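**Student:** Mind looking over this structure? Questions follow.
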Amino acid sequence: MGYKVAVVGATGNVGREMFEILAERNFPVSEVVALASSRSVGREISFGDKVLKCKNLDDYDFTGTDFVLMSAGGDISKAWAAKIGATGAIVIDNSSAFRYHEDVPLIVPEVNAHVLDAYMARNDRKNIIANPNCSTAQLVVALKPLHDLAKLKRIVVSTYQSVSGGGKDAMDELWNQTKGIFVNDSPTPNKFPKQIAFNVIPHIDVFMEDGYTKEEWKVLAETKKILDPKIKVSCTAVRVPVFVGHSEAVNMEFENPITPDEAREALRNAPGIMVVDKREAGGYITPVEAKGDDATFVSRIREDVTVENGLAMWVVSDNLRKGAALNTIQIAEALVERGLVQPRVAA
Ligand code: 2RA
């Protein structure tokens with residue numbers, strides 16, 4: 001039994017990672033199709049030991065396709081997701097276009113896969129499921145076991161986000177500025193508002209009226225939607241000169257007492273998490289080590305002495321994987337495992 005899967009945005013950072021993860025995890029496919037804009041038609045994409053040629057999204061017929069994994073930006077999702085969903089295919093969308101719609105589930109399988117059961121039972125569903133923003137995905141995976149244990153009241157998060165979250169051009173900008181600085185070229189910011197090489201920028205996505213950025217607002221809105229609307233969230237999102245891997249310093253206040261040891265134990269037993277917390281030089285994870293890994297790593301678990309029932313921790317994950325491509329494929333896996341999607345065409 002295999003599913004026909006199409007990837008929209010096949011040539012992007014996340015799209016390419018999706019093919020790698022589908023192959024790596026042996027997702028049960030009967031066929032995999034790479035879709036992109038007309039500009040990229042014919043471009044070759046690796047899928048396991050096969051090479052796929054990109055087809056044109058504009059004239060692709062989705063009849064018989066089971067899953068459409070979209071990562072081509074919000075405008076493409078807005079233009080296509082409903083049309084594709086209406087053909088009966090399940091769209092799992094990595095953009096922010098539908099995340100905050102009341103009737104679109106926002107899923108991190110380790111946290112709220114059960115929401116899929118109710119959604120798939122609805123007759124009026126649009127067949128669109130949203131994948132959260134990268135910084136939220138790793139955060140809620142780490143918060144969930146602690147929330148179950150001691151009930152979170154409030155969190156304060158500072159993110160250290162890699163340039164790959166901004167796409168390939170952003171990675172090129174860090175690379176070119178870094179090389180340029182060694183030969184005395186003055187860096188020209190283009191994708192980023194200021195120099196990113198040898199610098200940090202406290203600004204991701206657009207500014208909102210209250211002074212927070214959209215990236216910071218996403219962490220707040222998505223954490224509430226996925227985990228618990230009662231949790232208070234404040235975030236400062238910062239871009240750092242790292243190619244892959246987002247890090248987060250998280251301070252948490254709980255309703256009930258919880259010790260660092262209890263937190264460590266709960267995190268160790270939770271799905272998708274690897275605890276590396278040795279309280280010595282090097283006894284924690286950095287983004288360079290998280291790259292290419294599926295886990296959300298938690299280190300530096302300790303008491304936050306500024307509040308009653310407070311803890312602090314450091315959370316790192318590969319933003320192109322758990323923050324995007326992996327979580328998308330885990331949503332498809334959850335739908336298959338829960339018996340919620342059957343192949344439309346027998347393989
Ligand atoms: C970023 N949150 O890191 C974005 C990617 N989804 O810029």
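Computed from the coordinates by the stated procedures, all read-outs in this text should not be read as laboratory data. Just so it is clear, the model here is predicted, and its values are computed rather than measured. We place every Cβ from the backbone using ideal geometry, glycine too, and count neighbours over all the protein chains shown.
**Student:** With the dipole of the chain worked out from charges on the C-beta (+1 for Lys and Arg, -1 for Asp and Glu) around the Cα centre, which of THR136, SER38, GLN161 lies farthest toward the positive end?
**Tutor:** Farthest towards the positive end: SER38.
**Student:** Could I ask something else about it? Just need the relative contact order of the chain here, percent rounded to a whole number, with Cα pairs under 8 Å and 6+ apart.
**Tutor:** On the way: 764 pairs, mean separation 67.2, N = 347.
Computed over the chain, the figure is 19 percent.
**Student:** Any idea what the dipole of the range 205-343 comes to, in debye rounded to 20, about its Cα centre with Lys/Arg Cβ at +1 and Asp/Glu Cβ at -1?
**Tutor:** With only Lys, Arg, Asp and Glu charged at Cβ, the dipole is about 300 debye.
**Student:** So between THR178 and ASN256, what do we pick up on full extension, going 0.36 nm a residue minus the alpha carbon distance?
**Tutor:** Length gained between THR178 and ASN256: 23.4 nm.
**Student:** For labels at VAL305 and ALA118 in the simple 7 Å Cα→Cβ model, what's the distance in nm?
**Tutor:** Roughly 4.3 nm, to one decimal.
**Student:** Extending each Cα 7 Å along its Cβ direction at ASP185 and SER46, get the distance between those two points in nm, one decimal.
**Tutor:** The answer from the label model is 2.7 nm.
**Student:** Could you give the dipole magnitude of the chain about its Cα centre, charging the beta-carbon of Lys and Arg +1 and that of Asp and Glu -1, in debye to the nearest 20? Walk me through the numbers before you get to the answer.
**Tutor:** Details: 40 positive and 46 negative charges, 86 e Å.
It comes to approximately 420 debye.
**Student:** So which lysines can LYS53 reach, going by Cα to Cα under 22 Å and dropping same-chain residues fewer than 8 places off?
**Tutor:** Of all the lysines, those that pass the test against LYS53 - Cα under 22 Å, at least 8 places apart if same chain - are LYS4, LYS168.
**Student:** Roughly speaking, what is the stretch gain from ASN56 to GLU24, that is 0.36 nm per residue apart minus the C-alpha to C-alpha distance, in nm to one decimal? Could the numbers behind the result be given before it?
**Tutor:** Numbers: separation 32, 0.36 × 32 = 11.52 nm, distance 2.54 nm.
Stretched fully, the ASN56-GLU24 segment lengthens by 9.0 nm.
**Student:** May I pose another question? Do any of LYS126/LYS153; LYS83/LYS214; LYS78/LYS194; LYS153/LYS218 go past 24 Å between their Cα atoms, and which? Mind dumping the intermediate values first?
**Tutor:** Numbers: LYS126/LYS153 34 Å; LYS83/LYS214 27 Å; LYS78/LYS194 30 Å; LYS153/LYS218 18 Å.
In this structure, LYS126/LYS153; LYS83/LYS214; LYS78/LYS194 exceed 24 Å between Cα atoms.
**Student:** Which residues in the range 121-152 have a backbone N closer than 11 Å to a point placed 7 Å from the Cα of THR63 along the Cα-to-Cβ line?
**Tutor:** Answer for this model: none.
**Student:** Could you please rank CYS134, CYS54, placing first whichever residue has the fewest other Cβ atoms within 10 Å of its Cβ?
**Tutor:** On the way: CYS134 27, CYS54 22.
Ascending Cβ contact count within 10 Å gives the list CYS54, CYS134.
**Student:** Per the Kirkwood treatment, what hydrodynamic radius in Å, one decimal, follows for the range 177-255 from the mean inverse distance over all distinct Cα pairs?
**Tutor:** Value: 14.8 Å, from the Cα pair sum.
**Student:** Going toward the positive end of the dipole of the range 94-240, with +1 on Lys and Arg Cβ and -1 on Asp and Glu Cβ, which of ILE204, PHE182, HIS147 do you reach last?
**Tutor:** Most positive-ward Cα: HIS147.
**Student:** How many nm is it between the label spots at GLU209 and LYS224, if each spot is 7 Å from the Cα in line with the beta carbon?
**Tutor:** 1.5 nm
**Student:** Using only helices, what value at 222 nm comes out for the chain when you add -39,500 (n - 2.57) per DSSP H run of length 4 or more and divide by the total residues, to the nearest 500 deg cm²/dmol?
**Tutor:** Rounded to the nearest 500, it is -9000 deg cm²/dmol.
**Student:** Can I ask one more? For SER162, SER40, which order do you get if you count the other beta carbons within 10 Å of each Cβ and list the fewest first?
**Tutor:** SER40, SER162
**Student:** Counting other Cβ atoms within 10 Å of each Cβ, which trypsin sites (Lys or Arg not before Pro) in the range 1-104 have at most 16 and sit in a DSSP loop?
**Tutor:** Numbers: sites: LYS4, ARG16, ARG25, ARG39, ARG43, LYS50, LYS53, LYS55, LYS78, LYS83, ARG99; in loops: ARG25, ARG43, ARG99.
Listed in order of number, the matching sites are ARG25, ARG43.
**Student:** Let me ask you something else. Filter the GluC sites (Glu not before Pro) in the range 3-109 to those in DSSP coil with at most 14 other Cβ atoms within 10 Å of their Cβ, and list the result.
**Tutor:** Qualifying residues, ordered by number: GLU102.
**Student:** Still on this structure, I have one more. List the GluC sites (Glu not before Pro) in the range 238-322 that DSSP assigns to loop (not H, G, I, E or B) and whose Cβ has at most 11 other Cβ atoms within 10 Å. Which are they? Could the numbers behind the result be given before it?
**Tutor:** On the way: sites: GLU248, GLU253, GLU255, GLU262, GLU265, GLU280, GLU289, GLU303, GLU308; in loops: GLU255, GLU280, GLU308.
Taking the range 238-322 and a limit of 11 other Cβ atoms within 10 Å, the loop GluC sites (Glu not before Pro) found are GLU280, GLU308.
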